[in-house]
Structure formats: structure tokens, C-alpha cells
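Trainee: Following this message is one structure expressed as C-alpha cells.
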Amino acid sequence: MNTPSDLSNWIPRPRPSPERLTGSLVELTGFQPAKDAAALWSAFGERRFNDLIRYFPNKDFNSEAQFRRWLEAAQGDWHTMVFRRLADHSAIGMASYMRIDEKNGVCETGAVAHAPAAQGTPEVTEAHFLMARHVFDDLGYRRFEWKLDNRNEASHRAAQRLGFTFEGVFRQHMVSRGRNRDTAWYAMIDTEWPVIRRAFEIWLEPSNFDAEGQQRKRLADIRADLLSTP
């Protein structure tokens, strides 16, 4: 674990708004409505997308046009990144930088959705690694957050797997779809990032996967090994 940074000369950080983040398996590009809305809507299964986002606070979408208007209107406050598989350039998911606080070097990743065919794949893991690496390594942020409806067990598991630390539940944090929503907060911070980053790098190495593409070692176990090494 690294020691806390000296903040005596701290200055506000740049806003995360990358046009492109490229890894070995995926490329992330800033959301372009005319190009990306239809591709995402199709990848998400069109109206079946509503099953994926049942814990989002917005209403269900009845059409690609409605989905496009919603995501397009959010840009400015958000900066949405579209995940595309490098092998075939197909859209496989999205996530947004949001609740951006440049003054304090804090932002959140949210509105996360993965195409059904991409869930649990190395491509999705690398996409979230690239987003975190950008805020910590490129921009010098202090804190990166992941928040979720506390009922969303899949999102809890994803946050924990990726290296975010659970920090508690804000009870009745918002009204979501006509009900009280308790919001669980997760975050990773700059002093934790070097171990989290190295674990991602090790996990993504081809040698970590067998001939069938199954992982040999879990991401959480790699982090634990790194933390236990003097």
C-alpha cells in the first residue's frame, strides 16, 4: 500500500473526457449518438435491454430513439465511453464518467451496461481497467467511485471483483422508479491503485487463460497475492 500523497500543492485535475482508450482486447470511444446508439441498442437486445437496466433510476425504453435521446441528453454532465471488441469492432457495452469533481480529483463510473454476450469476458474487464487507468494515471485523480442500487447483487459482485472497496449504504438516497432506493457506495483510491493496476495487468496476460479461454487465477486472488508480498 502506498503512503498518502502530499497535497500541499494540489491543483484541480482535468475533466475525464477521452476520445479513445485502447487496450489489447477492446477500444473505448466517446459516445457518438449517430454512430453508437443503434449499435448499443442492438447489442443490448433492443427492448430486452430493460431487463439489464432494471436497477437504473430512469424508466424503461420503448425504442432505440428513446434510448438515444436519454443518453445524448446526459452528455456534458456525463462522458460516456462505448466498449468495442477489437477483434470485430462490435459494440459490447458502455460506462460513463459522471459526478465529476475536478476540484477534488473525484469521479464515478456509472450507467454501466454490458451486452449479454459480453458479460464475464476479458474484454469487459479490460474496459473497466482502461477507464480506471485513465483517471488515475493520465489525470491524477484521488478517488474513483462505483455506486449502485443496494438490491443489485450482480453490480455488488462486479464492483468487488474489479477492486472497488465497499464503503457503506446511503439509505433512501434517491427516489428510483417510484420507490426508495438505498445506494451502496464503493470506491478505489490513488494509494490502492498501484496494486489494483498490477493485478489487472497480470490477470489480462494471455498466460492467465487456458486453451478454452478460462481464467487460471481470479483477479481478487492476484490482488491478495500482491498485497501479501513484502
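The values are calculated or read from the model by the stated rules, or taken from the named source; none is laboratory data. Model, not experiment: these values are computed from the prediction. A quick note on method: Cβ atoms are made from the backbone with ideal geometry, for glycine too, and the neighbour counts reach across all protein chains shown. The protein model used for the area step is the full one, side chains on, heavy atoms only, and it has no ligands, DNA or RNA in it. Shrake-Rupley method; radii C 1.70, N 1.55, O 1.52, S 1.80 Å.
Trainee: I'm trying to understand the selection: among the residues of the range 157-170, which are more than 24 Å from residue 7 (Cβ to Cβ) and open to solvent by 20 Å² or more (accessible area, probe 1.4 Å)?
Mentor: Residues satisfying the conditions are 157, 158, 160, 161, 166, 169, 170.
Trainee: Here is a follow-up. What pairs come up if the first residue lies in the range 78-100 and is closer than 12 Å to residue 121 by Cβ, the second is open to solvent by 10 Å² or more (accessible area, probe 1.4 Å) and in a loop (DSSP other than H, G, I, E, B), and their beta carbons are under 8 Å apart, counting only those six or more places apart or on different chains?
Mentor: That search, which allows pairs on different chains as well, returns 85/25; 87/25; 92/121.
Trainee: Just checking, how many residues over the range 117-139 are at pLDDT 95 or above and open to solvent by 30 Å² or more (accessible area, probe 1.4 Å)?
Mentor: 5
Trainee: Only one of 158, 184, 127 is under 22 Å from residue 23 (Cβ atoms) and in contact with a strand residue (DSSP E or B) (Cβ under 6 Å, 6 or more places away or on another chain); which?
Mentor: 127
Trainee: Still on this structure, I have one more. Looking at (1) out of contact with any strand residue (DSSP E or B) (no Cβ under 8 Å at 6 or more places or on another chain); (2) open to solvent by 20 Å² or more (accessible area, probe 1.4 Å), can you tell me which one residue 173 breaks?
Mentor: (1)
Trainee: If residue 189 passes every condition in (1) of a type outside the set (Lys, Arg); (2) in contact (Cβ under 8 Å) with a residue 40 or more places away in the chain; (3) open to solvent by less than 50 Å² (accessible area, probe 1.4 Å) but one, which one does it miss?
Mentor: So residue 189 meets the others, but not (3).
Trainee: Turning to a different aspect of this structure: When you scan the range 220-228, do you find a residue that is modelled with pLDDT of 95 or more and surrounded by 18 or more Cβ atoms within 10 Å (Cβ to Cβ), even just one?
Mentor: yes
Trainee: Answer yes or no as to whether residue 33 is open to solvent by less than 70 Å² (accessible area, probe 1.4 Å), within 14 Å of residue 74 (Cβ to Cβ) and at pLDDT 95 or above.
Mentor: Here the answer is yes, as residue 33 does meet what is asked.
Trainee: Also, quick follow-up: Just need a number here: residues in the range 152-184 that are part of a loop (DSSP other than H, G, I, E, B), in contact (Cβ under 8 Å) with a residue 60 or more places away in the chain and within 25 Å of residue 83 (Cβ to Cβ).
Mentor: The qualifying residues number 2.
Trainee: A follow-up question, please. For the range 192-215, what are the residues that are surrounded by fewer than 12 Cβ atoms within 10 Å (Cβ to Cβ) and touching a strand residue (DSSP E or B) at 6+ places or on another chain (Cβ under 7 Å)?
Mentor: Result: no residue meets the conditions.
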